[in-house]
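The values are calculated or read from the model by the stated rules, or taken from the named source; none is laboratory data. Everything quoted here is computed from the prediction, not taken from an experiment. No Cβ is skipped: glycine too gets one built from the backbone with ideal geometry, and neighbour counts run over all protein chains shown. Each accessible area value is taken on the protein alone, full model and side chains, heavy atoms only, with ligands, DNA and RNA left out. Shrake-Rupley method; radii C 1.70, N 1.55, O 1.52, S 1.80 Å.
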Amino acid sequence: QVQLVESGGGLVQPGGSLRLSCVAPGSIFSISFMGWYRQAPGKQRELVAGITSGGGTNYTNSVKGRFTISRDNAKSTVDLQMNSLKPDDTAVYYCNVRYRSPSGLRSMESWGKGTLVTVSS
């Protein structure tokens with residue numbers, strides 16, 4: 001299955017910032033949604049932020065006001081600017097893209113392999 005390419009994870013102190021980036025391969029067409037999920041050890045994966053091709057966004061409550069998602073539909077990229085990071089933000093962050101099949105008849109999705117974000121002093 002086609003994987004997305006993620007970058008930007010790392011180690012930061014509480015209150016610091018990171019910017020995650022994700023690029024979908026050119027073989028993926030008709031993207032309807034791009035978003036970032038995260039999963040901490042022993043916890044369920046959760047949607048952090050998402051953005052539709054039309055520009056609509058949504059965020060999980062815990063990151064509202066701190067994280068900003070943006071996208072470039074032409075380049076099939078999505079970024080997540082993370083500010084005022086907290087230890088609870090520590091997780092593996094996964095990029096997710098939802099798109100239509102070439103025929104336009106089926107909904108499909110791809111995932112990145114994950115990039116680790118560690119917020120610790």
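Remarks
- Residue in segment 57-65 that is in a strand (DSSP E or B), farther than 17 Å from Ile28 by Cα, modelled with pLDDT of 95 or more and open to solvent by 60 Å² or more (accessible area, probe 1.4 Å) present: yes
- Test result for Asp88, open to solvent by 60 Å² or more (accessible area, probe 1.4 Å), acidic (Asp, Glu) and either at positive phi or touching a residue at least 12 places away in the same chain (Cβ under 8 Å) (or both): yes
- In segment 91-102, the residue that is surrounded by the fewest Cβ atoms within 10 Å (Cβ to Cβ) out of those that are among the hydroxyl-bearing types (Ser, Thr, Tyr) and within 10 Å of the chain's Cα centre (by Cα) is Tyr94.
- Qualifying residue in segment 97-109 (condition: of a type in the set (A, V, I, L, M, F, W, C), closer than 23 Å to Gln13 by Cα and either modelled with pLDDT of 95 or more or assigned to a loop (DSSP other than H, G, I, E, B) (or both)): no
- With respect to being open to solvent by less than 50 Å² (accessible area, probe 1.4 Å) and without any contact (Cβ under 8 Å) to a residue 60 or more places away in the chain, Ser21 fits the description.
- Filtering Arg38, Arg45, Arg71 for residues that are touching a strand residue (DSSP E or B) at 6+ places or on another chain (Cβ under 7 Å), surrounded by fewer than 20 Cβ atoms within 10 Å (Cβ to Cβ) and not polar (S, T, N, Q) leaves a single hit, Arg45.
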